[in-house]
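Shown next, in structure tokens, is the structure this report addresses.
Where a number appears in this text, it was derived from the coordinates with a stated rule and is not lab data. Because the structure is a prediction, the values reported are computed rather than measured. Note that we place each Cβ from the backbone using ideal geometry, even for glycine, and neighbour counts take in every protein chain shown.
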Amino acid sequence: MFHLALLPQYLIVGVAIAFGVLLGVRVLDARPPWLGWLFGFSSGLMVGAYIAAMTTGIPLVGSGRSFRTPPRAQQHAPDGGDEPDATHATDWIDELEAELRKR
């Protein structure tokens, strides 16, 4: 469940949670008091995870790549050769432009 390689991140998040709960207990005047504790815990978790992600470079969600394009189907030439048909790749764009002109 826990990975020793992520120990610095766990420490950052744990300290932030403790600080958030301390603020929820001492600073927030919530009725009932457990709402302040809950708010402090959740805000500490959120801020701690953000700080841990920013300082270590490990993303909170995803693989860390900025953008990936979906794979495309390989287009073959109409005569069965290796060169793709360049006009076939833009046919759908021409059809879309024609449809938009009609409107």
V61, V21 arranged by Cβ crowding within 10 Å, fewest neighbours leading: V61, V21
Distance (nanometres) between label positions extended 7 Å along Cα→Cβ at M54 and L35: 2.9
Nitroxide proxy distance, nm - points 7 Å out along Cα→Cβ at V27 and V61: 2.6
